[in-house]
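The values are calculated or read from the model by the stated rules, or taken from the named source; none is laboratory data. Model, not experiment: these values are computed from the prediction. A quick note on method: Cβ atoms are made from the backbone with ideal geometry, for glycine too, and the neighbour counts reach across all protein chains shown.
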Amino acid sequence: MYSARNVAPRKSYLAIAMINVQPGPSQLFHSVRDHVRQAFKLRIPELLPSGDEARELAQQTAKQLRELLAVPDSHEVFFLPETRSFIDEAMRVVGNSSALSHDVLLSNDVTLNPDTKLLVIHHTESGGTSLRPEVFTHLRDRGDDSLIAVDASLAWPYASLPFETIDAVFLEFHVGFGMPAGLGAAIVNDRWIQRHRTMRTSPEPIHPSLNLTWVSVLGGVLGDMLSRGIITIRRETEYKSSLLYHLLDQHPLIQPIVKEKANRSRTIIAARADDIGRIQDELRRHAITAGFAGNSVTFANFPSHSKEQYERLADILSAIRQ
């Protein structure tokens with residue numbers, strides 16, 4: 001690990017390599033630039049979204065995503081330019097929809113309107129909490145016919161989702177996968193497709209505005225992640241989060257926001273400090289960009305962030321004392 005005494009001040013953080021631990025857009029995955037060059041070499045930007053080559057590219061990338069995240073055959077993968085309008089339209093058309101916060105879901109008494117037809121949930125929130133699998137099981141076991149849609153943008157690729165309890169998963173790849181902005185996905189089961197087909201909110205096989213270059217680059221990133229292995233990715237994520245939480249639990253000036261360890265996210269670590277400006281200035285001085293809002297700061301912990309970068313972050317924070 002880096003020693004705190006070796007962390008030298010920098011005159012200009014713009015002149016050195018930045019470490020971007022913002023929740024999103026976050027740091028690019030290390031091989032993105034190589035895969036962009038390869039996509040242009042293969043003339044991917046010239047493909048027609050309606051053509052056979054585009055369909056084959058999307059299918060191959062979806063196959064890699066399935067393999068990495070163990071997406072079952074019960075769910076179809078559709079790539080989209082973004083997912084916000086997709087889920088907003090689904091909520092509008094279905095009616096009687098509820099977007100549930102973690103404050104509600106993590107309470108001991110979750111009371112829902114029995115007429116609710118669609119539940120929209122963030123697996124991991126920017127406040128640093130994440131949901132355990134039993135939360136989804138409890139919602140499904142209510143015995144009603146409501147659809148459950150989960151935003152996994154801040155959770156994947158680390159999280160393992162209970163697909164048997166979820167009708168739709170949607171995500172933006174510029175977060176946990178270290179991609180440029182402009183590519184998302186909806187992963188939906190047949191129940192979702194059948195329910196939405198008559199309402200025209202079921203995803204198209206190939207969206208006409210889909211950026212095929214980003215689909216190709218994502219395929220390259222997924223291939224690299226598969227080579228590393230999801231078990232290794234999850235172990236590294238746990239190592240980095242444990243390192244930072246251990247520091248924050250003992251730090252005199254900056255503390256974790258989520259006190260209940262069982263509810264702490266591994267991929268989004270949220271902390272607060274009375275003198276947050278001092279924390280921000282110190283990180284900037286060492287070329288580290290984090291997510292600041294009010295008196296809080298969030299640190300993203302994705303595969304694009306190396307163990308060495310997190311060790312450096314921990315050393316810098318450890319050196320900030322009274």
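Would you pick out the residues in the stretch 259-280 that are out of contact with any helix residue (DSSP H, G or I) (no Cβ under 7 Å at 6 or more places or on another chain) and closer than 9 Å to Ser130 by Cβ?
Across the stretch 259-280, the qualifying residues are Asn263, Ser265, Ile268.
In the stretch 297-322, how many are farther than 30 Å from Leu69 by Cα and either surrounded by 18 or more Cβ atoms within 10 Å (Cβ to Cβ) or of a type in the set (D, E, K, R) (or both)?
Selection size over the stretch 297-322: 5.
Consider only pairs whose beta carbons are under 6 Å apart and that are at least six residues apart or on different chains; among these, list those whose first residue lies in the stretch 276-296 and is assigned by TED's automatic domain parsing to the domain that holds Ile254 and of a type in the set (D, E, K, R) and whose second residue is crowded, with 16+ Cβ neighbours inside 10 Å and not in a helix (DSSP H, G or I).
Partner pairs satisfying both residue conditions: Glu282/Ile320.
A quick yes/no check of all residues on (1) without any contact (Cβ under 8 Å) to a residue 60 or more places away in the chain; (2) among the polar types (S, T, N, Q); (3) surrounded by fewer than 18 Cβ atoms within 10 Å (Cβ to Cβ):
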| residue | (1), (2), (3) |
| --- | --- |
| Glu56 | yes, no, yes |
| Gln59 | yes, yes, yes |
| Leu65 | no, no, no |
| Leu69 | no, no, no |
| Phe78 | no, no, no |
| Ala90 | no, no, no |
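Sort out which residues of the stretch 94-136 are in contact (Cβ under 8 Å) with a residue 60 or more places away in the chain and at positive phi, and write them in order of number.
Gly128 - this is the single residue of the stretch 94-136 that is in contact (Cβ under 8 Å) with a residue 60 or more places away in the chain and at positive phi.
Only one of Ile231, Ile279, Ile187, Ile268 is over 22 Å from the mean Cα position of the chain (by Cα) and within 28 Å of Phe29 (Cβ to Cβ). Can you tell me which?
The conditions single out Ile279.
Restricting to the stretch 176-220, count the residues that are at pLDDT below 90, assigned to a loop (DSSP other than H, G, I, E, B) and among the hydrophobic types (A, V, I, L, M, F, W, C).
So the answer is 2.
With in the same structural domain as His196 (by TED's automatic domain parsing) and either part of a loop (DSSP other than H, G, I, E, B) or of a type in the set (Lys, Arg) (or both) as the only criterion, which of Ser50, Ser98 stands out?
The unique qualifying residue is Ser50.
(1) out of contact with any Leu (no Cβ under 7 Å at 6 or more places or on another chain); (2) under 22 Å from Ile257 (Cα atoms); (3) assigned to a strand (DSSP E or B): which one isn't true of Leu154, the others all being true?
So the condition that Leu154 fails would be (3).
Identify all residues within the stretch 103-151 that are outside any loop (DSSP other than H, G, I, E, B), modelled with pLDDT under 90 and either farther than 25 Å from Arg66 by Cβ or touching an Asp or Glu at 6+ places or on another chain (Cβ under 7 Å) (or both); write none if there are none.
Scanning the stretch 103-151 gives Asp103, Val104, Leu105, His138.
Restricting to the stretch 237-279, give me the number of residues that are in a helix (DSSP H, G or I), in contact with a Pro (Cβ under 8 Å, 6 or more places away or on another chain), within 14 Å of Phe299 (Cα to Cα) and not hydrophobic (A, V, I, L, M, F, W, C).
Here the count works out to 2.
Residue check, Tyr239 against (1) surrounded by fewer than 18 Cβ atoms within 10 Å (Cβ to Cβ); (2) in the same structural domain as Ser98 (by TED's automatic domain parsing), all met but one. Which one?
So Tyr239 meets the others, but not (2).
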